[in-house]
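The values are calculated or read from the model by the stated rules, or taken from the named source; none is laboratory data. Since the structure is predicted, the reported quantities are computational estimates derived from the model, not experimental observations. With ideal geometry, Cβ positions are generated from the backbone for all residues, glycine too; neighbour counts draw on all protein chains shown.
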Amino acid sequence: MRIIKKVRNSKGLTLIELLLVVSLLGVVSVVIYTTLSKGIMIWGRVQNEVSLENANIFLERYSEDIRNSYAYSSIQFVGQKTLFECPTIVYTKEFEVKTIGQVSYTYDARNKTLTRAFKDISMLYRGKDGEISSELENIEAASFEYYKYDTETNNYVWLERWSEEKMPLAVRLKLIINDGTKKIRYAKTVSILSGG
């Protein structure tokens, strides 16, 4: 009896080996894709939370600036729809103390940013530019309103511009922030203790 030996060609792959490799590659790629997509979703959520936290910190700083504002003869209170400036207490890096100064909030519709800048009293008198201390991005809309008592109508009213010598009773900031998934509306009203 003759024994027939099968000689296997070691230069190629069998169909079974090929199917096994392809199916393993499919399983590995599904696992990698799932892990990557979940990671991207988690990163997006964290980024949204960070931008909302930045907005809350910015609005708290805005509230503190207004609560610390006061009437000062050398620093004018300026109130427009997209610009707000007032005398307040600011921290100066040059002297490392809190001192009299001016804070300014400006909305730039083209860049979609709301910027806080400040000048201490020495910067004001020397004519130096203010320092930008913080900035909010992805702002769809921002506006300031000013609260006063109208003696002609005997009513309290909100104005888009402030043109009086004395300070208003309160300042309201309205914001629409686009966090990438939805638009979030904020409205922050802060009373001015020395207003009126």
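Could you tell me whether any residue of segment 173-182 is in a loop (DSSP other than H, G, I, E, B), in contact with a helix residue (DSSP H, G or I) (Cβ under 8 Å, 6 or more places away or on another chain) and among the polar types (S, T, N, Q)? Checked against the condition, which is being in a loop (DSSP other than H, G, I, E, B), in contact with a helix residue (DSSP H, G or I) (Cβ under 8 Å, 6 or more places away or on another chain) and among the polar types (S, T, N, Q), segment 173-182 yields at least one hit. One residue stands out in segment 37-77 among those that are without any contact (Cβ under 8 Å) to a residue 24 or more places away in the chain and small (Gly, Ala, Ser): the one that is surrounded by the fewest Cβ atoms within 10 Å (Cβ to Cβ), namely Ser73. Taking the criterion of being under 26 Å from Glu164 (Cβ atoms) and among the hydrophobic types (A, V, I, L, M, F, W, C), would at least one residue in segment 50-59 satisfy it? Yes.
The set of residues in segment 78-109 being of a type outside the set (Gly, Ala, Ser), farther than 18 Å from Glu64 by Cα and surrounded by fewer than 21 Cβ atoms within 10 Å (Cβ to Cβ) consists of Gln80, Lys81, Thr82, Lys93, Glu94, Phe95, Glu96, Asp108. Residues in segment 105-122: is at least one in a strand (DSSP E or B) and farther than 15 Å from Ser134 by Cα? Yes, segment 105-122 contains at least one residue that is in a strand (DSSP E or B) and farther than 15 Å from Ser134 by Cα. When you look at Ser69, is it of a type outside the set (D, E, K, R) and in contact with a Lys or Arg (Cβ under 8 Å, 6 or more places away or on another chain), yes or no? Judged against the criteria, Ser69 is not a match. Restricting attention to segment 137-188, the residues that are touching a Leu at 6+ places or on another chain (Cβ under 8 Å), surrounded by fewer than 18 Cβ atoms within 10 Å (Cβ to Cβ) and not acidic (Asp, Glu) add up to 9.
Within segment 69-97, being part of a loop (DSSP other than H, G, I, E, B) and under 22 Å from the mean Cα position of the chain (by Cα) holds for Gln80, Lys81, Thr82.
Yes/no per residue for (1) within 21 Å of Gln76 (Cα to Cα); (2) out of contact with any helix residue (DSSP H, G or I) (no Cβ under 7 Å at 6 or more places or on another chain); (3) at pLDDT 90 or above; (4) not small (Gly, Ala, Ser):
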site	(1), (2), (3), (4)
Tyr107	yes, yes, yes, yes
Ile121	yes, yes, no, yes
Glu140	no, yes, yes, yes
Phe144	yes, yes, yes, yes
Val157	no, yes, yes, yes
Arg161	yes, yes, yes, yes
Pro168	yes, yes, yes, yes
Gly195	yes, yes, no, no
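Consider segment 179-190 and keep the residues that are touching a residue at least 60 places away in the same chain (Cβ under 8 Å) and not β-branched (Val, Ile, Thr). The one that is nearest to Phe144 (Cα to Cα) is Lys188.
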